[in-house]
Amino acid sequence: MNLSTLENALGHTFRSPELLERALTHRSWANEQAAKDGEKVEENETLEFVGDSVVGLVVAEELYRRNPDASEGGLSLMKHSLVRTEALAAAAEKIDLGDHVRLSSGEEKIGGRKNPAILADTFEAVVAAIFLDGGYAAARAFLTREFGELIRSATPQSSLDYKTLLQETLQANKMAAPAYHLVRTEGQPHDRTFYVEAVWEGGKTEGNGRSIKAAEMIAASKALELLNEKRS
């Protein structure tokens with residue numbers, strides 16, 4: 001597997017290239033190879049788990065540095081707008097990551113290389129590979145380059161209206177609008193955190209924030225992520 005082209009796009013040369021190979025291995029390909037050869041092949045799902053945390057930390061750090069006076073709710077909304085599936089998939093497309101993913105023949109036939117969920121998951125796995133191979137500084141350098149412009153332009157006001165997006169998504173699928181319920185509050189009156197559930201036909205998510213509105217927005221953003229995963 002020739003990885004030099006991708007390494008150039010990533011700006012990172014791997015000391016352990018097997019990490020990058022694993023990051024590019026979708027479970028469908030691993031299962032297909034195991035069925036053919038009878039040997040277990042490592043896929044990228046656990047790397048996705050690590051990469052999700054690394055992406056979140058880098059984006060949170062950069063947003064805090066650039067918006068020191070923003071509220072927790074505002075920072076949370078900006079962060080969610082940057083790490084949602086669509087944003088990660090777009091970043092993956094910029095470096096032609098889909099061309100390098102190892103997919104099963106079946107997944108290939110149905111357009112897996114353009115599937116936003118697969119692209120986003122693979123992007124997170126690649127971030128994890130960079131992190132494990134080169135440390136936090138290497139992962140941070142890659143992510144700040146890929147997300148730098150978006151992070152610089154992000155404001156709470158420019159963040160997506162997830163509640164409207166969720167309602168439109170459900171309506172497009174002939175489903176009723178979601179309902180939002182305050183589950184609980186924590187903390188002192190001057191420093192409260194609100195927890196809100198978004199509930200719709202067949203699903204439920206929870207968000208939290210310094211205001212009920214911020215908690216609703218985050219619950220709605222998580223609902224959109226869940227619905228996107230189910231469609232993939």
Virtual spin-label span in nm between LYS204 and ARG152, 7 Å along Cα→Cβ: 4.5 nm
Pairwise centroid distance, computed over Cα atoms, of segment 201-226 with segment 19-88, Å: 20 Å
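Work out the FRET efficiency for THR13 and LYS213 from their Cβ-Cβ distance, taking R0 = 45 Å, and round it to the nearest 0.05. List each step's numbers first, then the result.
Values: r = 46 Å, r/R0 = 1.01.
Once rounded, the FRET efficiency stands at 0.50.
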Computed [θ] at 222 nm, deg cm²/dmol, the chain (DSSP H ≥ 4; -39,500 (n - 2.57); rounded to nearest 500): -19500 deg cm²/dmol
Max mean-square fluctuation residue, GNM over the chain, Cα-Cα springs under 10 Å, options ASP37, ASP133, ASP96: ASP37
Most fluctuating residue given options VAL183, VAL59, VAL101, as computed from a GNM of the chain linking Cα atoms under 10 Å: VAL183
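Could you grab the Rg to Rh ratio for segment 1-107? Cα atoms only, Kirkwood for Rh.
Working: Rg = 16.9 Å, Rh = 15.9 Å.
Here Rg/Rh amounts to 1.06.
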Between 0 and 90°, nearest 10: helix 162-172 axis offset from the chain longest Cα axis: 70 degrees
Segment ASP99-ALA35, extension gain: residue separation times 0.36 nm, minus the distance between their alpha carbons: 20.7 nm
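Where Lys and Arg each count +1 and Asp and Glu each count -1, what net charge lies around VAL183 among other residues with Cβ under 9 Å from its Cβ?
Numbers: positive: ARG184; negative: GLU197, GLU206.
Around VAL183, the surrounding residues sum to -1.
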Cα gyration tensor shape of segment 133-232, rounded if a/c is under 1.5, else prolate or oblate by comparing a/b with b/c: oblate
For segment 1-46, the spread of Cα positions along each principal axis, largest first, Å: 34, 21, 16
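What fraction of the Cα pairs in the chain, stated in percent, has a spacing above 22 angstrom? Numbers along the way, then the final one.
Working: 15176 of 26796 pairs.
Percentage above 22 Å: 57.
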In sequence order, calculated HN-Hα J values of segment 79-96 (Karplus, 6.51, -1.76, 1.60; Hz; x Gly/Pro): 4, 5, 5, 8, 10, 5, 3, 4, 5, 5, 5, 5, 5, 5, 5, 4, 9, 6
Anchor LYS36: aspartates and glutamates whose Cα lies under 18 Å away (excluding residues fewer than 8 positions away in-chain): GLU107, GLU108
For the chain: relative contact order, % (alpha-carbon pairs under 8 angstrom, 6 or more apart): 21 percent
The chain: angle of helix 116-134 to the longest principal axis, Cα-based, in degrees nearest 10: 70 degrees
Long pairs among LYS163/LYS204; LYS79/LYS163; LYS79/LYS222; LYS109/LYS222; LYS114/LYS174, criterion Cα-Cα beyond 23 Å: LYS109/LYS222; LYS114/LYS174
Simple spin-label estimate for GLN171 and ARG66 in nanometres, 7 Å along Cα-Cβ: 3.2 nm
Fluctuation leader among VAL196, VAL41, VAL127 - the chain, Gaussian network, Cα springs under 10 angstrom: VAL41
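Here, each number is a calculation from the coordinates, and none is a lab measurement. All values reported here derive from a predicted model rather than from experimental measurement. No Cβ is skipped: glycine too gets one built from the backbone with ideal geometry, and neighbour counts run over all protein chains shown.
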